[in-house]
Amino acid sequence: MTIDRRRLVVLGVAGAACWWHAAASGARPRGRTAAPDDLPAREASWYKKLEEGRVECELCPQACTVADMERGMCGVRENRGGTYYTLVHSLACAVHVDPIEKKPFFHVMPGEKALSYSTAGCNVECKFCQNWELSQFRPEQVAAYDLPPEAMIRVARQNGAKLTAATYGEPVVFWEYVRDAARSANRAGIKPTVVSNGFIKPEPLREVLPLLSAVKVDLKAFTDDFYQQQVRGRLQPVLDTLRLIREAGVWLEIVVLLVPTLNDGAAEIKRLSSWVRTNLGSDVPVHFTRFHPTYRLTDLPPTPVATLERAWRIGREAGLDYVYLGNVPGHPGENTVCPGCGEIVIRRVGFQVVKNSLADGACADCGREIPGVWS
């Protein structure tokens, strides 16, 4: 793949209109960075210094030990003379105004728009990553522009977005940017959200959680073998993240991408659903979504709709109140149904809300509270 083609894809994600708005608001287009030395560098917040100029990253469970002038696994954090730097703070390579349902958040301000943003880099490598042209490249390899938090908020206001969403790539690797953007959003009355793989250490997570309105975590599977073989990660740190988010009182939703033959077995889905019910509660929404072949996993078919419907039934039988199906536009599994009376309180078609009968966060028919972030 040529650089021109990769840049075209990245700019297609960003959107020409949003690029123009960002530039007009004070962002400086950079194009493709010519050399790594041209990247902006800010000292990272979570690391410790070791002997002989080495550092140990304390941001995610990879716990990279990095020699001088080397980078961690994510490719966006670099050791320079014993000081660890993030190379992507305010360096956005994808920006777009999306419906919040696209994240997907189904219990967060239905029908509203989110200013979505990402940098390059990721701390895992999912073989099925749909955004690999951002996540699996270093920041000097993709087109980007300077978008500091203050400019981001101006872009959000110009586009009528009431939320921000760190998404597309992996927000953990640009966690300092997430933190500072969330602070700016809160000051402006805009709700900051994060869409993450949840592969983060407890301390940086705890520091930033109080700034966030909602977090969506991709729970890739419920076996460590899947995480090691398909993701280059581990399951337990993600489960710990889910507990911490719930304990902090930040709104949480979970997405499980069902990959045929790899993580779609009925027994695994039952264990996952029961774990969520026992450890997080029945009111945490779980989205079972459809896999489509991509990146390094192109030899498997799309997930059969029947498999998704079976997962929906298993989740409900395990005691989950809000189970959804994703990537099947128009399916009834996209709707929010009141657990009390069974009425549809939010009807969706794809990313569009076509009915919302919530009354002050409750079912208009029976008065049962529907948990979420509604205003």
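The values are calculated or read from the model by the stated rules, or taken from the named source; none is laboratory data. What you see is a predicted model; the values in this text were computed from it and never measured. Every residue, glycine among them, receives a Cβ derived from its backbone with ideal geometry; neighbour counts consider all protein chains shown. What goes into the accessible areas is simple: the full protein's heavy atoms, side chains included, and nothing from ligands, DNA or RNA. Shrake-Rupley method; radii C 1.70, N 1.55, O 1.52, S 1.80 Å.
Given Cβ point charges of +1 (Lys, Arg) and -1 (Asp, Glu) and nothing else, what value in debye, to the nearest 20, does the dipole of segment 106-241 about its Cα centre take? Intermediate values should be presented prior to the final figure.
Details: 16 positive and 15 negative charges, 91 e Å.
For this selection, approximately 440 debye.
Over segment 269-348, the pair-distance histogram of Cα-Cα distances with 5 Å bins from zero comes to 3, 15, 23, 22, 18, 11, 6, 2, 0 percent, rounded to whole numbers.
Here the Karplus relation 6.51 cos²θ - 1.76 cosθ + 1.60, evaluated at θ = phi - 60°, turns the backbone of segment 117-123 into coupling constants of 8, 7, 10, 6, x, 7, 9 Hz, with x for every Gly and Pro. Each eigenvalue of the Cα gyration tensor of segment 327-375, multiplied by 5 and square-rooted, gives one semi-axis; in descending order these are 19, 12, 8 Å. Residues whose amide H falls under 5 Å from that of residue 232, counting only those 5 or more places apart or on a different chain, are 125, with hydrogens built in the peptide plane. Distance check, please: which entries in 102/127; 49/191; 201/355; 48/162; 49/103 exceed 31 angstrom between their Cα atoms? Result: 49/191; 201/355; 48/162; 49/103 exceed 31 Å. Tell me the angle of helix 149-158 to the major Cα principal axis of the chain, expressed in degrees between 0 and 90 and rounded to the nearest ten. Compared with the principal axis, the helix lies near 50 degrees.
Dividing the alpha-carbon radius of gyration of segment 60-196 by 2.2 N^0.38 Å (N being the number of residues), what value is obtained?
Values: Rg = 15.1 Å, N = 137, 2.2 N^0.38 = 14.3 Å.
Output field value: 1.06.
Just need log10 I(q)/I(0) for segment 219-375 at q = 0.21 Å⁻¹, Debye formula, equal scatterers on the alpha-carbon atoms, no solvent, rounded to two decimals. Taken in order of the listed q values, log10 I(q)/I(0) reads -1.46. All C-alpha pair distances within segment 125-212, sorted into 5 Å bins from zero, spread as 3, 13, 23, 22, 19, 15, 5, 0 percent across the bins. Only helices enter this figure: runs of n ≥ 4 DSSP H residues, each worth -39500 (n - 2.57), summed and divided by the residues of the chain, yield -7500 deg cm²/dmol at 222 nm to the nearest 500.
Using the beta-carbon distance between residue 228 and residue 344 and R0 = 51 Å, what value does 1/(1 + (r/R0)^6) give for FRET efficiency, to the nearest 0.05?
On the way: r = 40 Å, r/R0 = 0.79.
E between residue 228 and residue 344, to the nearest 0.05, is 0.80.
Need one number: % antiparallel among DSSP beta bridges in the chain, to the nearest 5. Kindly include the intermediate steps, with their values, before the conclusion.
On the way: 34 of 61 bridges.
DSSP beta bridges in the chain are roughly 55 percent antiparallel.
Helix 305-317 versus the longest principal axis of the chain: what is the Cα-based angle in degrees, 0 to 90, to the nearest 10? Roughly 70 degrees, rounded to the nearest 10. Sequence gap at least 6, Cα distance under 8 Å: using those rules, report the relative contact order of the chain to the nearest whole percent. After rounding, I find 13 percent. Semi-axes of the equivalent ellipsoid for segment 177-224, computed as √(5λ) from the eigenvalues of its C-alpha gyration tensor and ordered from largest down, come to 24, 12, 7 Å. Positive end of the charge dipole of segment 291-375 (Lys, Arg +1 and Asp, Glu -1 on Cβ, about the Cα centre): tell me which of 333, 366, 344 has its Cα farthest that way. Checked the options; the winner is 333. Estimated from the Cβ-Cβ distance and a Förster radius of 51 angstrom, the FRET efficiency linking residue 366 and residue 206 is about 0.85.
Summing +1 for each Lys or Arg and -1 for each Asp or Glu, what net charge is found among the other residues whose Cβ lies under 11 Å from the Cβ of residue 199? Intermediate values should be presented prior to the final figure.
Details: positive: 201, 220, 232, 234; negative: 170, 218, 240.
Spelling it out: positives minus negatives among the neighbours equals +1.
Cross-link partners for residue 220 among the aspartates and glutamates, with Cα-Cα distance under 19 Å and sequence neighbours closer than 8 places in the same chain left out: 125, 170, 240, 253, 264, 268, 299, 309.
Summarising the amide proton neighbourhood of residue 92: residues at separation of 5 or more, or on other chains, whose placed amide H is nearer than 5 Å comprise 145, 147. Along segment 76-93 the Karplus relation, 6.51 cos²θ - 1.76 cosθ + 1.60 evaluated at θ = phi - 60°, assigns HN-Hα couplings of 10, 10, 10, 8, 10, x, x, 10, 8, 10, 8, 9, 10, 4, 6, 9, 7, 10 Hz to successive residues, with x for each Gly and Pro.
What's the Cα-based Rg to Rh of segment 56-127, Rh via Kirkwood? Working shown, then result.
Numbers: Rg = 16.2 Å, Rh = 14.4 Å.
Looking at segment 56-127, the ratio lands at 1.12.
When the chain is treated as a GNM with alpha-carbon contacts under 10 Å, the residue of 56, 247, 140 showing the greatest mean-square fluctuation is 247. Simple rule: put +1 on each Lys or Arg Cβ and -1 on each Asp or Glu Cβ in the chain, find the dipole, and look at 145, 199, 173; the Cα lying farthest toward the positive end is 145. Distant-in-sequence amide contacts of residue 84, defined by a placed amide H-H separation under 5 Å and a gap of 5 or more residues or a different chain, comprise 44. Taken about its Cα centre, the chain carries a charge dipole of roughly 560 debye when the Cβ of each Lys and Arg holds +1 and the Cβ of each Asp and Glu holds -1. Solvent-accessible surface (1.4 Å probe) assigned to residue 246 amounts to roughly 70 Å². Residues in segment 201-217 carry Karplus couplings, in order, of 6, x, 4, x, 5, 4, 5, 9, 3, x, 8, 9, 8, 7, 9, 10, 10 Hz; the curve used is 6.51 cos²θ - 1.76 cosθ + 1.60 with θ = phi - 60°, and Gly or Pro positions show x.
Comparing 314, 276, 356 along the charge dipole axis of the chain, the residue lying farthest to the positive side is 356, per the Cβ-charge model. Summarising the overall dimensions of segment 106-162 from its C-alpha atoms, the Rg and Dmax are 14.3, 37 angstrom.
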